[in-house]
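Structure first, commentary second.
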Amino acid sequence: ALANRELDFWRTGSVQIVGILLGPVLKLVLAAAGFGLWSLILGELVRQCVEGGILWYRAPDRPTWGLDRAILVDTLRFSFPVALTGIITFYYWKVDDWIVGRLLGLEALGYYYLAFRIPEYLMVLRGYFAPVVFAALSRLDGVQRQREGYVLLVRHSALFTMAAAAVALVHGRSLLLHPMVFGPRWAPAVAPFQ
């Protein structure tokens with residue numbers, strides 16, 4: 001957080017690059033070694049531990065452990081609604097996976113998951129830009145300039161997202177079924193993708 005506030009995106013970005021490179025490689029190695037589903041779980045856990053360890057090592061100031069009851073009460077009072085919102089959001093984003101898997105089976109869930117993950121990468125990409133945008137907006141002079149910058153950002157990101165959604169809707173079948181992308185075998189994923 002301190003690095004992002006100081007516009008030192010190399011410090012956090014380089015760690016994310018390590019995770020982006022390490023995660024898939026580790027998952028593939030574990031899958032090839034016969035870990036099956038556990039390769040996804042273990043690969044993700046190791047990736048996050050490595051990222052956290054690098055950030056901890058590179059942090060200019062490391063927090064110390066301690067407990068101040070007054071701070072704890074204030075923190076819980078503030079964070080409980082945020083945590084509850086996070087739990088509800090998680091449920092909102094995952095309940096459809098559970099329903100599809102339960103009613104239609106694992107094969108249908110695989111197609112549905114693929115179709116859902118592709119557009120979700122746009123949201124992941126947006127998450128990488130959020131610290132940059134936050135830092136840039138916080139550096140603008142005055143609330144009015146910050147508001148104008150925010151409106152401009154929302155307008156352009158909405159246009160980009162809507163353009164990508166229109167392409168997916170109109171050309172989704174030819175995109176997914178192209179032999180260089182996924183191929184005809186993934187035809188059941190076309191409808192949920194669109």
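The values are calculated or read from the model by the stated rules, or taken from the named source; none is laboratory data. Given the structure is predicted, the values throughout are model-derived calculations rather than measurements. Every residue, glycine among them, receives a Cβ derived from its backbone with ideal geometry; neighbour counts consider all protein chains shown. SASA here: full protein model, heavy atoms, side chains in, ligands and nucleic acids out. Shrake-Rupley method; radii C 1.70, N 1.55, O 1.52, S 1.80 Å.
Using alpha carbons only, how many degrees (0 to 90, rounded to 10) separate the axis of helix 143-177 from the longest principal axis of the chain?
Value to nearest ten degrees: 20.
Across the stretch 64-72, in residue order, what do the Karplus-derived ³J(HN,Hα) couplings come to in whole Hz, using 6.51 cos²θ - 1.76 cosθ + 1.60 with θ = phi - 60° and x for Gly and Pro?
Working through the residues one at a time gives 9, 8, x, 9, 10, 4, 5, 5, 4 Hz.
Roughly how far apart, in whole Å, are the Cα centres of the stretch 144-194 and the stretch 64-137?
20 Å
Determine the principal axes of the Cα atoms in the stretch 100-183, then give the extent along each, sorted from largest to smallest and rounded to whole angstroms.
53, 28, 21
Using each residue's phi in the stretch 80-88, evaluate 6.51 cos²θ - 1.76 cosθ + 1.60 at θ = phi - 60° and report the 3J(HN,Hα) Karplus result to the nearest Hz, with x for Gly and Pro.
4, x, 5, 5, 4, 4, x, 5, 5
For all pairs of alpha-carbon atoms in the stretch 32-99, what percent lies in each bin of width 10 Å, listed from the first bin to the last filled one?
Spelled out per bin, shortest first, that is 15, 19, 39, 21, 5, 0.
Estimate the FRET efficiency between L177 and V95 by the formula 1/(1 + (r/R0)^6), using the beta-carbon distance for r and 30 Å for R0, to the nearest 0.05. Can you show the working numbers first?
Details: r = 29 Å, r/R0 = 0.95.
E(calc), rounded to 0.05, equals 0.60.
Calculated FRET efficiency, Q146 and I17, Cβ-Cβ r, R0 35 Å, to nearest 0.05?
Working: r = 30 Å, r/R0 = 0.85.
It comes out at approximately 0.75.
With θ set to phi - 60° and the Karplus curve 6.51 cos²θ - 1.76 cosθ + 1.60, what are the ³J(HN,Hα) couplings of the stretch 43-59 in order, to the nearest whole Hz, using x for Gly and Pro?
Computed from phi, the couplings for the stretch 43-59 are x, 5, 4, 5, 4, 5, 5, 5, 4, x, x, 5, 4, 5, 5, 8, 5 Hz.
Sum -39500 (n - 2.57) across every DSSP H segment of at least 4 residues in the chain, then divide by the residue count to get the 222 nm mean residue ellipticity, nearest 500.
Numbers: 7 runs with 159 residues, N = 194.
Calculated from helices alone, the mean residue ellipticity at 222 nm is -28500 deg cm²/dmol.
Find the accessible area per residue for the stretch 101-194; the probe is 1.4 Å, ligands and nucleic acids are left out, and the unit is Å².
Details: 6940 Å² over 94 residues.
For the stretch 101-194, the solvent-accessible area averages 74 Å² per residue.
Given the convex hull of the Cα atoms of the chain, what is a quarter of its surface area in nm²? Don't skip to the end; give the middle numbers.
Values: hull surface 62.1 nm².
Projected area, direction-averaged: 15.5 nm².
Expressed as a whole percentage, what fraction of the accessible surface of the stretch 1-128 belongs to carbon and sulfur atoms when a 1.4 Å probe is rolled over the protein heavy atoms? Walk me through the numbers before you get to the answer.
Working: 7220 of 10050 Å².
C and S atoms contribute 72 percent here.
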